[in-house]
Every structure is written in C-alpha cells, then in structure tokens.
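Note sheet for the following structure.
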Amino acid sequence: MGFVVSIIYFVLNYLTPPVILGPLAVFRVELILAGLLFFLSVPKLTGSIVMKTPQSVALIALPFAGSFSILFGQRWAWGALQAFPNFLPCALAYFLVVLHCNSKKKLQILVLMLLFACLFVIANGYYDLRYGVPHTPVYLYEESDIARTTLWNFQHPYILEMENGAGEMIYRLRGQGSINDPNDFGQVIVCVIPLIFFFWRPKSTGRNFFFVILPVAVLLFGTFLTHSRGALVALMAVAIMAARRRIGTLPAIIVAAGVFAGAMALNFTGGREISAGSGSDRTALWGEGLQMLKAHPLFGVGLGRVSDYTDTGLTAHNTVVVCAAELGLVGLFFWCLFLFPTLRDTLAVASLEKSTEAQSRSLPPPNLEAKMELIDQAEIGRLGRLVVLSLTGFLVAGWFLSRAYVMTFFLLGGIAEVVFEMALERGMIAPRLRASRVIRYSGVLAFSLVFLMYIMLRTANLMH
C-alpha cells in the first residue's frame, strides 16, 4: 500500500496535480497523499535503515537551515516559518524510497514512473511542436507585453519560446511544476537514462530493444528538444564515465568529444554557443553569489533570495553557489552531509567487482537470505554503477543550474541507499562509515566546493 501511494505521490509531483487530476486538483490531493504516506510509513520505521543513514540527519536539518536563512538573512520571522515546509516534499522523497522501494523490482517500478513522467512531457511537447506552434515565430517575449506571454504559456505549457544568441526564435521542450524550465527537464532526462538500464538483461536482444534501447532513444530525442547546453555537457560526462570501463579513459574522452561535435553540428543547443565567452554572464553571477556568502557566511541571504542581490535579478545558476549563498556554510554543510555519504556508498557498491573483502565476508543467515531477492554480487555492482552514472548526470548538469533542493536529487539518494543496503544485507560490502567520519568529511567537502568555485572564478577572470 505504501509503495503504491508513494508512486502516485511522485507522479503528482513531477507532472503536477492540475495536469493529472484536472478540476480535482483544488482539493490538494497531494497533501492528502502526504498525510496518508506519513501514517503508512511510521510503522515501517522500526527496523528500517532510515535512522542509520547520515542523509536522514541532513534532511531533518535542512528545513531548519532554510528557516534560519530567512530569519537571520531577511530578519523575517513569519517568512522563516513559511520556508520550513518548502523542503518537506523533497525530503519525503528520500524517506519514501528507502522505506517502500526496498527491492530491485520496486526500484524498477520507480524508474518506470520517472520514464512515464519524461515520456508524458516529451509526447505533449512534440505534439505541440508539430501541430500547435505557428510556423512563423511569434515574438512574444517583449517585456511590455506580459499578457501575450501569459497567453503563450497557457496555450503551450510544454514549450518555451526564446531567442538564441543569433537573435533567432527557438522552441524548447519543458515540463510543468519543478521541471517547467527546459534545463531542469533536461537534467531529469539525463538522470533517468542510466537508470533505464536497470531493465537490461544479458542475451535478451528483443527485450533489451523494447525496454532499454527504444526508451533511451526517445529520451535522447527529448533532451535534444530541450536545447539545454547543461544537459548536453552532462550527457557527455555520463558517456565518458560509462565508456571508460570498456575502452579506457582517454579513448572515452575522444569518442565523447566526437559525439559532442556531432551534436553541435546537428544544432543540439538551438544555436546557443558553449564557450567561455558565452558563459561570462554566468561566471559573473557565480562571483556575486560568493560575495553574498562572504557577507553572510553562516546562514546566507535567505532561501530563494539570491536573485534579489544580483545586479541582473537572476540567480547564480550553480547548485553549490546558490546553496552556499542562500543557506550559508551551515546549510551547505548539511547539503554535503547528504551528498557525501550518498556518493561514498554508491561508489563502494560500484566497486564490488574489485573488492576481495566481499568474498571473505560471511553470507547472511539462511532465514534472512530466504526473504531476499535472488540477486548476485555482479548485478548489485552493476546497479551501483548505474546509480553513479545517474548522480554524475545530476551533478554535472547542476553545475550550471541552481537546483540544490529538487526532488530528483533526494530520490537518487534514496535509490543509492537501497542498493547499498542490498549489498550490505548479503554480506558483500563493509558497513557504512561512522557518523564522526561522515561529519568530518562532509565539512571538508563543503569547504572544498567553495574553494573550487573561488579558484575557477579567479582563473576565468585571469583569462578575460
């Protein structure tokens, strides 16, 4: 019951209640589902891994960090109370995955849910591009004509119209709700593509074609329709990570560079350049974000308030910079407290084939083994590598987006811990790191990310 309601809850969050429920959306069904999930999940907390993971502590602390950022950065007590619930839907995603999606079959259904959300947007957007968008571009994005822009968004909810660097009008695929920006939707697609290979089965050509190859091809087409530069760079990073195991790092980079050149020749980015010059505005925003962190080091300028402090009124378009500027070092630390153990545990599972420790550890007791899925060490290691690729796509795309607290990130964290727990239950892997070490390493990671951004900006300034 909890698993089914969780899947419905995720669908509503990705596609939005008005799209799925229509007139019934006014009854706030998503809140009703959240309350139902709370009561269904509480009994499962006993004996679960939820309270054993540092990610749970991070997710409890992040809403407080968001509230404190408003309280101290904006000096607004009521706003601090309003900021607290903003984190709850995303935090709930992690807990729901860990509690209710705790097997490979359930993870596959979760992936199917993500695939359905992506295909739904791609189908609606492509149909609009073919039959709804005028052949002669209508220039709607004039600041003086907000009404016409609003009408466009109402008539074409899955298409964003904008000008590229050459002044030409282009149409970009987008979703609704949290993925109503083409870059955000592109990031989700890049994360989903590796997870589709959860369905890959050796020596099953027909099955693999329909359940893996064909969906991936459609998702790649959807990525093209977003014309997202960040998504393209993230795809290349995922391709390099995936190919390096078979052909080596340098050949993988060369192949990815060739694919990248081909994508640019096919107008993947809609005529928008990927270069140091084209990204100068973005690096300027990064610099402004670091200045905000310098002025408000502990709690930041306030959740969602970065754009109020930039000269252009835009956000910083970098996950690390926005998190640090909005929530300060306190909030960035707790964000890293979620990120570090997620990466560490996933990389540990992905390295199972190289581990001799797994072979020496004892097998689980017979009564526990009987309750578990028949899944061997090689398969768990493969799942771990696919999750690593998905996280790589999210983080690389997030380097150009301000999406530190989106549901996809915490959902991937939940998948990572479920796969790690599969290996741990079967005695294939060493236990999680002690809390003291995780806290120490997360703090180092937070300061390292800020320092890395500083070095990158200094280097960029010297090049101009």
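Take Met162 and decide whether it is modelled with pLDDT under 90, out of contact with any Ser or Thr (no Cβ under 8 Å at 6 or more places or on another chain) and not in a helix (DSSP H, G or I). Walk me through it before giving the result.
Values: modelled with pLDDT under 90: yes; out of contact with any Ser or Thr (no Cβ under 8 Å at 6 or more places or on another chain): yes; not in a helix (DSSP H, G or I): yes.
So Met162 passes the test.
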Testing Leu401 on (1) surrounded by fewer than 21 Cβ atoms within 10 Å (Cβ to Cβ); (2) out of contact with any Phe, Trp or Tyr (no Cβ under 7 Å at 6 or more places or on another chain); (3) touching a residue at least 24 places away in the same chain (Cβ under 8 Å); (4) closer than 23 Å to Val330 by Cα, one condition comes back false. Which one is that? (1)
Output yes when any residue across the range 281-288 is within 19 Å of Met456 (Cβ to Cβ), part of a helix (DSSP H, G or I), modelled with pLDDT under 85 and among the polar types (S, T, N, Q), and no when none is. yes
Which condition does Thr226 not pass, out of (1) closer than 19 Å to Gly398 by Cβ; (2) among the hydroxyl-bearing types (Ser, Thr, Tyr); (3) surrounded by fewer than 17 Cβ atoms within 10 Å (Cβ to Cβ), if it passes all the others? (3)
Quick check on my filter: what residues within the range 50-79 are aliphatic (A, V, I, L, M) and more than 21 Å from Ile439 (Cα to Cα)? Ile70, Leu71, Ala77
Within the range 177-232, tally of residues that are more than 18 Å from Leu160 (Cα to Cα) and among the small types (Gly, Ala, Ser): 3
Of all residues in the range 18-61 being in a helix (DSSP H, G or I) and of a type in the set (S, T, N, Q), which is surrounded by the most Cβ atoms within 10 Å (Cβ to Cβ)? Gln55
Residue check, Leu225 against (1) within 18 Å of the chain's Cα centre (by Cα); (2) touching a residue at least 24 places away in the same chain (Cβ under 8 Å), all met but one. Which one? (1)
Report yes if Val255 is modelled with pLDDT of 90 or more, of a type in the set (Val, Ile, Thr) and either in a helix (DSSP H, G or I) or within 17 Å of Trp399 (Cβ to Cβ) (or both), otherwise no. no
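Restricting attention to the range 227-240, does a residue exist that is more than 22 Å from Asn318 (Cβ to Cβ), modelled with pLDDT under 95 and not polar (S, T, N, Q)? Lay out the reasoning, then the answer.
If we filter the range 227-240 for residues that are more than 22 Å from Asn318 (Cβ to Cβ), which is where we start, we get 239.
Now narrow it down to the ones that are modelled with pLDDT under 95: 239.
Those still in the list that are not polar (S, T, N, Q) too: 239.
Looking through the range 227-240, at least one residue is more than 22 Å from Asn318 (Cβ to Cβ), modelled with pLDDT under 95 and not polar (S, T, N, Q).
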Pairs please, first residue from the range 13-42 and over 26 Å from Arg174 (Cα atoms), second anywhere and assigned to a loop (DSSP other than H, G, I, E, B), Cβ atoms under 8 Å, 6+ apart in sequence or on different chains. Leu40/Met1
Whichever residue in the range 411-464 is farther than 21 Å from Tyr94 by Cβ and of a type in the set (Val, Ile, Thr) and, among such residues, is surrounded by the most Cβ atoms within 10 Å (Cβ to Cβ): Val450
Condition met for Gly393 (buried (at least 20 other Cβ atoms within 10 Å of the Cβ) and closer than 15 Å to Cys323 by Cβ): no
State the number of residues belonging to the range 62-81 that are under 13 Å from Gly304 (Cα atoms), part of a helix (DSSP H, G or I) and at pLDDT below 90. 3
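Can Ile122 be described as in contact with a strand residue (DSSP E or B) (Cβ under 9 Å, 6 or more places away or on another chain), among the hydrophobic types (A, V, I, L, M, F, W, C) and at pLDDT 95 or above?
Values: in contact with a strand residue (DSSP E or B) (Cβ under 9 Å, 6 or more places away or on another chain): yes; among the hydrophobic types (A, V, I, L, M, F, W, C): yes; at pLDDT 95 or above: yes.
Against the criterion (in contact with a strand residue (DSSP E or B) (Cβ under 9 Å, 6 or more places away or on another chain), among the hydrophobic types (A, V, I, L, M, F, W, C) and at pLDDT 95 or above), Ile122 qualifies.
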Restricting to the range 16-61, name every residue that is charged (D, E, K, R) and either over 24 Å from the mean Cα position of the chain (by Cα) or at pLDDT 90 or above (or both). Arg28, Lys44
Looking only at the range 82-105, filter to residues that are surrounded by fewer than 17 Cβ atoms within 10 Å (Cβ to Cβ) and under 22 Å from Phe197 (Cα atoms); which one of those is modelled with the lowest pLDDT? Ser103
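The values are calculated or read from the model by the stated rules, or taken from the named source; none is laboratory data. Quantities reported herein were computed from a predicted structural model and do not represent experimental measurements. Note: ideal-geometry Cβ built from the backbone for every residue, glycine included; neighbour counts use all protein chains shown.
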